[in-house]
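Note sheet for the following structure.
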């Protein structure tokens, strides 16, 4: 059960294929751009532990200093870069990594402590505000960087200080008397510790992750940990950050009750996704309570997907706490009640979906993983790889145009996207090998063009797919496998193609389990080359009626489309009063390929904006919105009569 | 320009007419019931300034002690009772008023200070928390009680201590150096002071009201008054009540900027309505800046009615701050994003509408006043007059059934309803007399059955109307006026009848100005008896598309209807998935009259809940919902296909 950050090396994308182009932009431009920005803003040198003028800035979100995330920004950049260095060389990037690693090493205190803010700005306050101050979150991202660094450079220069830091954290926090019985406000270190354990095999690393997960939301001596921590800091009970609408809004960080007691996904979306990803990742190693935690995972996943997810995979309706609202409350934009759909949250959904697939190979997870990837994740970076979005509303409004930004004060999203694209192929396919049984299995979750190579007892198996998926749905597959290795494939049939897909030659019987087409050795031996066809007629999606969104959204294959003013220049009101009157729609798509013009879908139909009939609407894929000069007017769900 | 609390004595309702029945319930039951509860809860004796055990209760809404409103509860009860005593006798009520008045007198401090909480519980804290602690709000309601008491008992027993208290307040707060440059968090005293001025003619009373209005939201030395006040109390900048979602959420009490700069109605709905009512009431007396304040009133009224008001006149979508949301955000219930529509807020809309009519006789105000009265105000009391609602959602949900309650900890709404019904006729008609010119004018805003009597130079004019309005729309009017007094009438033509009303005999020309049918002396002399007919075919109302409410609401005349489970017992989901499929609706009404069964409208049509076709739906007027045993499932806006 390798994690995708490890297994991604088994699969390479076909050169110039759709996803390869996206990934290549990061390698060619984004990493260097982010490095440059890192230097310009002070992040790069921050581990030198010198005072930076911005440390005096009043915080945008009290009590969180604007620079509080710098450790994680650096960690995420290192981690992202390491994934790309697996298949390329770049001395600028490599030198930067080495310099950063040495800076991080030099920033570590004697006792192992390692944090920029608490070393330079608030040296007396380590471990006094786990609720709000991202101390363990930062540690988590540095650990993940260390794991990735270790993987590509095969040395311990970064792993060593992080292992030492973890030892300090494990001494400070835990169930024993005298320890802090706490956990981080922002989960992340849990994921990191599980990944660290996979490298170190040190059971303490796993135990600490498990402690954080299981202690979370517990009440000790009648008191919530964060309430006790705030009291110890001398905070008034009604003193709280803006993101806590009420005192003790502990649902914000999913600590309102233990995970096992939670029935609905609540609060800050990224925190929720990171927490559940950790719970799912821990599943591999735990035996006790496994079923209860699995039940909780499924319960919370189902709640999210059925009742709290936008049509394009975005999650989080409420800007104030960057997170979930009540069931079915999914307005499209700020002026309609809210829409946040943070980039990192969509990435978090992919992370969780991937871990859930390891527990249960079920297309209900990979359908959503794919939806997020092609819509609410890829939408977050401009085609030149140098501009980003943090919030991804489904409709623009006055004051909130659909636009990319060069950077953010809280710059969590851009490096998260870089690292996601870094190990992207880990999401697309997973493999299982049993050397003893001489068997190999490949699960194809997202059937893009690529090659997966496995070695079973020194013999090579290759699954080669040619396709311009997601632009069209024809996937030509060739399996090269020695006859004596029993090889099986499971290929996801997307829910949107479940009624019209074809495969040639046709397996007999045609076996589909939980949304995956199962191809046994008998079929693959006789048909090592086969073609899967996933027809992509345009279709309209309607949200659940309880959302009070009386809209239709154009989709084709895994892609969700939107309208932009660039193509529909008559728009003045963000397409708010546009109404599709149904019945007479014809949709044609201009073409296929990687270029901008060809990525546009074009819809011709009869529609009535403000009573005036417009003959033609042109839609573009949602991920592509914002890439051309325009007024930033955009909408995904179009009203209907 | 008498206020309705004064002018109401000019008009009496026809015995057993629709509104007379509602009003009579208060006289017969509600006042005594509220008196009894007042005694049971401790409110009645609170002005004895003894400790009450409930003073130690932790506040439901910190920092507001639960008993903080007791002064106003007592004041509102006295005020309400006084209006009814104008046309009736009841020794229990009268004795209670006298006893309360003596208690209030005895509670006054030497310097004039008069407040329960700040005398008994927090004697060191007067005037230190105008933002949150309702000190001036309580004073306002006591002043209003004193004015009503003076009017009916013709003595100064209650007026005297209140005048003394106002003198103290005017010394403490004002523009001079050494004074507090502040204003109340909850407006009310402004209205009260203007009413007091009408009795005392003391210009200081008017000046204080004007100061509160004009100082509100100003910044002095770069600081907001409430920010400075909080700092002086030693509050942390992020310490704030639950109803401030963010620090300094001053829009909550409409102090985010001066009134003249406000473009949209924001925050706590009752506060907004009381504030604007005071601004409109002050208009009569001011010359300077009159137009600017009128412009602000119209701007804020229009914003509220066009973009922030429910189809039944309810206002306030957000429970957390009991108030307004963004434009067009009007979900019907808690599980759809929120709906509050507090009783007091609807009463406040009526108060504001009434004052706006004095500035501009325009049916845009009286249409809304009527909508509120027959729907969002009358809905607040059960038919037995002993149960009430505080929140009036347009759709019930699990955990939030549509039900009456016997009382509330914060009991602002029930006595507000009592006093509204007390001087109700003041809302229905207004009069203008010019003794010098020998002219009389009566404006009929809501054409219910009643008699208005005026005296012009010792001669009597009577306008007599017979009708069972609002149950049907035929209104027979008879004017008794001496020939030598030039008498005119203006009768509002409701917007829903503007295209199909008739009047017989027909005036020539038929003159309608701003929604009011103008009847000149020439017509009235020849036709002192005439019949106005306002046909009431059932109609369906659709909310503005920007609300994302794809619903229809049945209405008939001024009444808005809803579905209840009592009549539609198959319902399981609060009518959430019920869909009207249009085209084939037939609506019939069972009958007319005052009784329960006859008040029900019955709709027969073809509808499809959950795909299953139901032949018949029975609607009841919204104001009537909750009066029968049921499960509390109710909905106003019904989804459509």
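Restricting attention to the range B:88-104, and to residues there that are surrounded by fewer than 15 Cβ atoms within 10 Å (Cβ to Cβ) and in contact (Cβ under 8 Å) with a residue 60 or more places away in the chain, which single residue is nearest to residue B:114 (Cα to Cα)?
Out of the qualifying residues, it is B:92.
So is residue A:179 modelled with pLDDT of 95 or more and in contact with a strand residue (DSSP E or B) (Cβ under 7 Å, 6 or more places away or on another chain) or not?
yes
Given (1) touching a helix residue (DSSP H, G or I) at 6+ places or on another chain (Cβ under 9 Å); (2) at pLDDT 95 or above; (3) surrounded by 15 or more Cβ atoms within 10 Å (Cβ to Cβ); (4) in a helix (DSSP H, G or I), where does residue A:20 come up short, assuming only one miss?
(1)
One line per residue, one yes/no per condition, for (1) crowded, with 22+ Cβ neighbours inside 10 Å; (2) touching a residue at least 40 places away in the same chain (Cβ under 8 Å):
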{"residue": "B:11", "(1), (2)": "yes, yes"}
{"residue": "B:28", "(1), (2)": "no, yes"}
{"residue": "B:47", "(1), (2)": "yes, yes"}
{"residue": "B:57", "(1), (2)": "no, no"}
{"residue": "B:63", "(1), (2)": "no, yes"}
{"residue": "B:67", "(1), (2)": "yes, yes"}
{"residue": "B:73", "(1), (2)": "yes, yes"}
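Take the range B:605-628 and flag every residue that is in a loop (DSSP other than H, G, I, E, B) and either modelled with pLDDT of 90 or more or within 29 Å of the chain's Cα centre (by Cα) (or both).
B:625, B:626, B:627, B:628 - these are the residues of the range B:605-628 that are in a loop (DSSP other than H, G, I, E, B) and either modelled with pLDDT of 90 or more or within 29 Å of the chain's Cα centre (by Cα) (or both).
Give the number of residues within the range A:209-247 that are assigned to a helix (DSSP H, G or I) and farther than 30 Å from residue A:284 by Cα.
So the count comes out to 6.
Determine if the range A:209-232 includes at least one residue that is within 14 Å of another protein chain (Cβ to nearest Cβ) and either closer than 29 Å to residue A:93 by Cβ or surrounded by 20 or more Cβ atoms within 10 Å (Cβ to Cβ) (or both).
Taking every residue of the range A:209-232 in turn, at least one turns out to be within 14 Å of another protein chain (Cβ to nearest Cβ) and either closer than 29 Å to residue A:93 by Cβ or surrounded by 20 or more Cβ atoms within 10 Å (Cβ to Cβ) (or both).
Kindly establish whether residue A:235 is crowded, with 20+ Cβ neighbours inside 10 Å and either within 14 Å of chain B (Cβ to nearest Cβ) or under 28 Å from the mean Cα position of the chain (by Cα) (or both).
no
Criterion first (at pLDDT below 90 and at negative phi) does residue B:541 satisfy it?
Against the criterion (at pLDDT below 90 and at negative phi), residue B:541 does not qualify.
Among the residues of the range B:470-484, are any modelled with pLDDT of 95 or more, in a strand (DSSP E or B) and in contact with a helix residue (DSSP H, G or I) (Cβ under 7 Å, 6 or more places away or on another chain)?
There is at least one residue in the range B:470-484 that is modelled with pLDDT of 95 or more, in a strand (DSSP E or B) and in contact with a helix residue (DSSP H, G or I) (Cβ under 7 Å, 6 or more places away or on another chain).
So how many residues does the range B:338-359 have that are out of contact with any helix residue (DSSP H, G or I) (no Cβ under 8 Å at 6 or more places or on another chain) and surrounded by fewer than 24 Cβ atoms within 10 Å (Cβ to Cβ)?
Within the range B:338-359, residues that are out of contact with any helix residue (DSSP H, G or I) (no Cβ under 8 Å at 6 or more places or on another chain) and surrounded by fewer than 24 Cβ atoms within 10 Å (Cβ to Cβ) number 1.
For the range A:503-546, which residues satisfy the criterion of being part of a loop (DSSP other than H, G, I, E, B) and within 14 Å of chain B (Cβ to nearest Cβ)?
Passing the criteria: A:542, A:543, A:544.
Condition first: free of Cβ contacts under 8 Å to residues at least 40 places away in the same chain and in a helix (DSSP H, G or I). Now tell me which residues in the range A:277-297 satisfy that.
A:290, A:291, A:292, A:293, A:295, A:296
Please go through the range A:291-321 and give me each residue that is within 14 Å of chain B (Cβ to nearest Cβ) and buried (at least 22 other Cβ atoms within 10 Å of the Cβ), ordered by number.
Matches in the range A:291-321: A:308, A:317, A:321.
Would you mind stating whether residue B:266 is over 17 Å from residue B:368 (Cβ atoms) and either within 14 Å of another protein chain (Cβ to nearest Cβ) or in a loop (DSSP other than H, G, I, E, B) (or both)?
yes
Please go through the range A:62-80 and pick out each residue that is under 17 Å from residue A:130 (Cα atoms) and in a helix (DSSP H, G or I).
A:66, A:67, A:68, A:69, A:70, A:71, A:72
Looking at the range B:248-260 only, could you name the residues that are within 13 Å of chain A (Cβ to nearest Cβ) and either part of a loop (DSSP other than H, G, I, E, B) or within 18 Å of residue B:181 (Cβ to Cβ) (or both)?
B:248, B:249
Exactly one of (1) modelled with pLDDT under 95; (2) out of contact with any helix residue (DSSP H, G or I) (no Cβ under 9 Å at 6 or more places or on another chain) is unmet by residue A:110. Its number?
(1)
Quick check on residue B:245: is it buried (at least 17 other Cβ atoms within 10 Å of the Cβ), out of contact with any strand residue (DSSP E or B) (no Cβ under 6 Å at 6 or more places or on another chain), within 14 Å of chain A (Cβ to nearest Cβ) and within 30 Å of residue A:244 (Cα to Cα)?
It is true that residue B:245 is buried (at least 17 other Cβ atoms within 10 Å of the Cβ), out of contact with any strand residue (DSSP E or B) (no Cβ under 6 Å at 6 or more places or on another chain), within 14 Å of chain A (Cβ to nearest Cβ) and within 30 Å of residue A:244 (Cα to Cα).
For residue B:204, indicate whether it is surrounded by 23 or more Cβ atoms within 10 Å (Cβ to Cβ) and under 20 Å from residue B:142 (Cβ atoms).
no
When you scan the range A:398-406, do you find a residue that is in contact with a strand residue (DSSP E or B) (Cβ under 6 Å, 6 or more places away or on another chain), under 25 Å from residue B:338 (Cα atoms) and within 14 Å of chain B (Cβ to nearest Cβ), even just one?
No, the range A:398-406 contains no residue that is in contact with a strand residue (DSSP E or B) (Cβ under 6 Å, 6 or more places away or on another chain), under 25 Å from residue B:338 (Cα atoms) and within 14 Å of chain B (Cβ to nearest Cβ).
Would you please name the residue that is nearest to the other protein chains (Cβ to nearest Cβ), looking only at residues in the range A:564-577 that are within 26 Å of residue B:331 (Cα to Cα) and crowded, with 23+ Cβ neighbours inside 10 Å?
A:576
Does residue A:63 satisfy the condition of being at pLDDT 95 or above and in contact with a helix residue (DSSP H, G or I) (Cβ under 8 Å, 6 or more places away or on another chain)?
no
Among the candidates B:360, B:384, B:327, B:367, which residue alone is within 14 Å of chain A (Cβ to nearest Cβ) and in contact (Cβ under 8 Å) with a residue 60 or more places away in the chain?
From the options B:360, B:384, B:327, B:367, the qualifying one is B:327.
Quickly run through the range A:331-341 and pick out the residues that are in a loop (DSSP other than H, G, I, E, B) and facing chain B (nearest Cβ under 10 Å).
Matches in the range A:331-341: A:331, A:332, A:337, A:338.
Take the conditions away from every other protein chain (no Cβ under 14 Å) and in contact (Cβ under 8 Å) with a residue 40 or more places away in the chain and apply them to residue B:271. Does it pass?
yes
The values are calculated or read from the model by the stated rules, or taken from the named source; none is laboratory data. Nothing here was measured: the structure is a model prediction, and the numbers come from that model. Quick reminder, even Gly has a Cβ in these numbers, built from the backbone with ideal geometry, and neighbours come from all protein chains shown.
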